[in-house]
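First up is the structure itself, then whatever we jot down about it.
The values are calculated or read from the model by the stated rules, or taken from the named source; none is laboratory data. What you are looking at is a predicted structure, and each value in this text was computed from that prediction instead of being measured. Here the Cβ positions follow ideal geometry from the backbone for every residue, glycine too, while neighbour counts run over all protein chains shown. Just so you know, the surface numbers come from the protein's heavy atoms only, side chains and all, with ligands and any DNA or RNA stripped out. Shrake-Rupley method; radii C 1.70, N 1.55, O 1.52, S 1.80 Å.
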Amino acid sequence: MNLLGKYATLKLGLLSLLCATLVSFPNLAYFQWRLDIQDVSLRSTFIIFFIVRYAYFIALFWLLLYYNLKKKLMVKLKPRILYSCLIGVPAYLLYVFVTFPQGWNFEHINTISAQFFAIIAMSILIGQLAMLFIKQRINEKEIEQLKIENLQSQCNALTNQINPHFFFNSLNGITALVRKDDKKKTIKYINTLSDVFRYILQSDKKGLVTLDEELQFVESFRYLMEVRYANKLTFGIEVDENKMNLRIPVLSLLPLVENVITHNQIDSDSLMKIRIYLNEQDELVVSNPVFPLFAPADTNGTGLANLKNRFRLMLNSTVRVESDDSLFSIFLPLK
């Protein structure tokens, strides 16, 4: 709770000088009038007295402001008033005691009392406003942190929905290889599947990843799908190397590929090629030909809705979908 921060001494000095000037305004007006005194000795005494009083006000302001702006535990108004008065009142009494022999009258007492009251009140006000400002900043940071944590929790929950769906589909590929008794291809498939699962399991810690990371994952996933569908499902990836640092929510492509598999007929008569490329707007486009199933797919449609929610939460962007009878395309904004 330190409002002063870097260059604290300079800031505090300038603030004290400004406040002392405001409080000393009546003395400044009176000072100009006293300069017309013909008696050089009396005029010099008045000038010295004015400078000393002005310096005293600056020093008192500096002490009170330093205390009010840097006191970490001064969060309530009553203790702030109490401790400020414990500094300000003795300073006032000391000033009156030292300067009383200078020919004070009732008018002088009223003026100087009002000035010391203003010094204490201004210091308390500035300190309280500073504390309220600091508390507001802390609250704003806490609220922002809670929002980030909430968004991260939502994204993690959405990401975790992908894992069981992919896991059960992957078992079909292993089953097919075991039946064919192809040990070499089975081992490669399992190793690749291990890489894919490692990426999925670590996805909740990543949030946004580079396009390069996501496409490397797709390369591994492509092998699994090509084995599973006996080369009836292929991929065409067309992304420039200089665009690989663009960022995308982790596991954005997996539900799209799963969506293609779920909603299309894939066989020798319906060869499926999934094309992944960047358009002129630097959107990642995933498109595929449409081969309708004979019966509607048994799905609740959460995959695409899940993806749209993650892009909204993580990038504050909208996923676009374009579809006709022959081609289905999804446009993913990148960061």
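The table below lists the values:
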quantity: Condition check for residue 275: modelled with pLDDT of 85 or more, basic (Lys, Arg) and open to solvent by 80 Å² or more (accessible area, probe 1.4 Å); calculated: yes
quantity: Test: residue in region 211-233 that is β-branched (Val, Ile, Thr) and in contact with a Leu (Cβ under 6 Å, 6 or more places away or on another chain); calculated: yes
quantity: Residue that is open to solvent by 20 Å² or more (accessible area, probe 1.4 Å) and touching a residue at least 24 places away in the same chain (Cβ under 8 Å), where the choices are 180, 184, 206; calculated: 206
quantity: The one condition in (1) out of contact with any Leu (no Cβ under 8 Å at 6 or more places or on another chain); (2) free of Cβ contacts under 8 Å to residues at least 40 places away in the same chain; (3) open to solvent by 40 Å² or more (accessible area, probe 1.4 Å) that residue 270 fails to fulfil; calculated: (3)
quantity: Breaking point among (1) more than 29 Å from the chain's Cα centre (by Cα); (2) over 22 Å from residue 222 (Cα atoms); (3) at pLDDT 85 or above, for residue 299; calculated: (3)
quantity: Test: residue in region 136-153 that is hydroxyl-bearing (Ser, Thr, Tyr), at pLDDT below 80 and under 24 Å from residue 237 (Cβ atoms); calculated: no
quantity: Subset tally (residues that are at pLDDT 80 or above, under 15 Å from residue 23 (Cα atoms) and not β-branched (Val, Ile, Thr)) for region 46-74; calculated: 11
